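All remarks here apply to the structure that follows.
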Amino acid sequence: MFELSHWHPVCRLSDLKSKPIKKKILGTDYVIFKTKSGVGIRESRCPHRRMDLSRGKVLGEKLICPYHSWGFDIHGNIDSPSIGKVECRSQGFETKEKYGLLWFRSPNSTGFFPELELDSYHKIDLSEKEISAPLEIVLDNFSETEHTSTVHAFLGYSEEDLKNVSIEYSGDGTTTHVFNKGRQKKIPFLIRWFLHLDETDEFVDDWTTYFTPVHSVFDQYWVEKETGSKRKDALKIYVFFVPIDESKTRIFVFTYMKYNKLGNLGLNLMVKPAMKFIVRLEVGLDKSIIESIEDKNVSLKGCRLSGFDRVLGMNRTRIQKVYRGLDKNEGNHD
Ligand code: FES
Ligand SMILES: [Fe+2]
């Protein structure tokens with residue numbers, strides 16, 4: 001499958017205990033297991049008689065199938081108590097443990113690992129969510145800020161200011177980029193205070209979406225209305241979109257922040273928990289609105305799109321061409 005030539009996040013490393021776990025990715029169930037020397041991932045269907053390997057257990061360096069005790073190591077080698085080494089077409093995957101996640105891709109793939117560029121940012125949170133909607137529909141939500149007026153509690157624009165939000169788009173063959181700027185919607189005084197914001201500050205949401213694998217990198221910050229100068233505090237949010245199957249998508253959300261006002265103590269005691277709460281809340285609100293969409297057909301035909309939506313079609317084109325490696329799509333949306 002072409003998509004698996006890209007590095008995909010699988011699960012949080014902290015979720016990997018002594019018991020194997022099962023995750024569906026791109027329609028296939030995988031078992032993930034941890035031995036002393038590393039982490040293995042393979043299809044969860046046993047190649048012998050299709051037992052669910054996630055019901056097995058790890059002994060030494062092997063995952064043991066609970067049915068006839070075939071053993072599977074983290075490199076994809078298999079042995080059976082009755083026939084010894086088993087030659088099998090199913091292979092292991094390349095794996096990487098980074099940023100608190102397990103990542104995998106097909107062996108012998110080329111292409112870069114999606115490194116996070118964090119320079120002076122502090123880690124706030126890493127969360128994982130399953131959303132009952134196809135990849136395109138989930139990405140749509142994270143690709144426009146029009147919904148922030150109605151759906152979001154804190155981050156975004158208010159309904160009366162939407163008309164004045166500036167929207168800029170660009171894209172090359174493999175990425176799309178959006179820049180939005182407009183007056184920050186009303187937020188409680190305490191949050192404004194610890195973020196050092198003024199009531200009239202403008203909120204900038206500036207993001208790029210990449211497609212190897214599909215992920216968006218959001219730079220979010222505030223500017224002072226009068227002077228146009230950038231506030232020192234800023235968020236950097238990475239969202240990775242992993243199709244579970246055609247109707248579900250798993251997202252991994254990394255939240256990072258630059259923070260100055262209250263120093264490290266304030267950051268750790270107040271700002272981190274507050275921003276973790278805020279971002280998780282917004283993503284939860286996104287999930288519930290996405291899941292309420294009446295028709296989750298991924299085609300945009302017949303939709304009356306607004307100025308905020310232009311990037312949706314551009315993203316679809318790149319999902320088909322760059323992520324899925326397909327030439328044909330429902331039309332070039334660029
Ligand atoms: S089904 Fe797994 S060893 Fe037989
Ligand atoms: Fe949202």
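Given the criteria within 17 Å of the chain's Cα centre (by Cα), in contact (Cβ under 8 Å) with a residue 12 or more places away in the chain, buried (at least 19 other Cβ atoms within 10 Å of the Cβ) and closer than 22 Å to Thr174 by Cα, does Tyr256 qualify?
On the way: within 17 Å of the chain's Cα centre (by Cα): yes; in contact (Cβ under 8 Å) with a residue 12 or more places away in the chain: yes; buried (at least 19 other Cβ atoms within 10 Å of the Cβ): yes; closer than 22 Å to Thr174 by Cα: no.
Criteria not met by Tyr256.
Is there a residue being assigned by TED's automatic domain parsing to the domain that holds Ser44, touching a His at 6+ places or on another chain (Cβ under 8 Å) and either over 20 Å from Thr249 (Cβ atoms) or among the hydrophobic types (A, V, I, L, M, F, W, C) (or both) anywhere in the range 87-102?
yes
Can you name every residue in the range 191-216 that is of a type outside the set (Phe, Trp, Tyr), modelled with pLDDT of 95 or more and either assigned to a strand (DSSP E or B) or out of contact with any helix residue (DSSP H, G or I) (no Cβ under 9 Å at 6 or more places or on another chain) (or both)?
Glu202, Val204, Asp205, Asp206, Thr208, Thr209, Val214, His215, Ser216
Among the candidates Arg310, Arg304, Arg280, Arg316, single out the residue that is closer than 30 Å to Ile124 by Cβ and in the same structural domain as Ser170 (by TED's automatic domain parsing). Give the steps one after another, and end with the answer.
Working: Arg310 fails: closer than 30 Å to Ile124 by Cβ; Arg304 fails: closer than 30 Å to Ile124 by Cβ; Arg316 fails: closer than 30 Å to Ile124 by Cβ.
Only one candidate qualifies: Arg280.
What pairs come out if I take residues in the range 271-293 that are touching a residue at least 12 places away in the same chain (Cβ under 8 Å) and surrounded by fewer than 16 Cβ atoms within 10 Å (Cβ to Cβ) and pair them with residues that are basic (Lys, Arg) and outside any helix (DSSP H, G or I) whose C-beta lies under 8 Å away, six or more apart or interchain?
Listed by first residue and then by second, the contacts come to Gly284/Lys129.
Please go through (1) in contact with a helix residue (DSSP H, G or I) (Cβ under 6 Å, 6 or more places away or on another chain); (2) within 16 Å of ligand 2 (Cβ to nearest atom); (3) under 21 Å from Asp233 (Cβ atoms) for Ile124 and return the number of the only condition it doesn't satisfy.
Just one mismatch for Ile124, condition (2).
Quick grid of which residues meet (1) assigned to a helix (DSSP H, G or I); (2) within 16 Å of ligand 2 (Cβ to nearest atom); (3) under 21 Å from Leu235 (Cα atoms):
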position: Leu265; (1), (2), (3): yes, no, yes
position: Val271; (1), (2), (3): yes, no, yes
position: Lys287; (1), (2), (3): yes, yes, yes
position: Ile290; (1), (2), (3): yes, yes, no
position: Lys296; (1), (2), (3): no, no, no
position: Gly302; (1), (2), (3): no, no, no
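With the structure loaded, tell me whether Glu160 is away from ligand 1 (no atom under 16 Å from the Cβ), of a type outside the set (Val, Ile, Thr) and assigned to a loop (DSSP other than H, G, I, E, B) or whether it fails that test.
On the way: away from ligand 1 (no atom under 16 Å from the Cβ): yes; of a type outside the set (Val, Ile, Thr): yes; assigned to a loop (DSSP other than H, G, I, E, B): no.
For Glu160, the condition - away from ligand 1 (no atom under 16 Å from the Cβ), of a type outside the set (Val, Ile, Thr) and assigned to a loop (DSSP other than H, G, I, E, B) - is not met.
Taking only the range 34-53 into account, find how many residues are within 15 Å of Trp70 (Cα to Cα) and either hydrophobic (A, V, I, L, M, F, W, C) or within 16 Å of ligand 2 (Cβ to nearest atom) (or both).
Of the residues in that region, 3 qualify.
Would you pick out the residues in the range 60-84 that are of a type in the set (Ser, Thr, Tyr) and either within 16 Å of ligand 2 (Cβ to nearest atom) or surrounded by 13 or more Cβ atoms within 10 Å (Cβ to Cβ) (or both)? Quick ask: steps written out before the conclusion?
Start the filter on the range 60-84 by keeping residues that are of a type in the set (Ser, Thr, Tyr), which leaves 67, 69, 80, 82.
Listed by number, the residues that qualify are Tyr67, Ser69, Ser80.
Output the strands (runs of 3 or more DSSP E) that fall wholly within the range 66-141 and possess 3 or more residues being in contact (Cβ under 8 Å) with a residue 40 or more places away in the chain and acidic (Asp, Glu), or say none.
Values: elements: 78-80, 84-86, 94-98, 101-105, 122-131.
Where strands (runs of 3 or more DSSP E) fall fully within the range 66-141 and carry at least 3 residues being in contact (Cβ under 8 Å) with a residue 40 or more places away in the chain and acidic (Asp, Glu), they are 122-131.
The values are calculated or read from the model by the stated rules, or taken from the named source; none is laboratory data. Keep in mind that what you see is a predicted model, and the values were worked out from it rather than measured. Cβ coordinates were reconstructed from backbone atoms using ideal geometry, including for glycine residues, and neighbour counts include every protein chain displayed.
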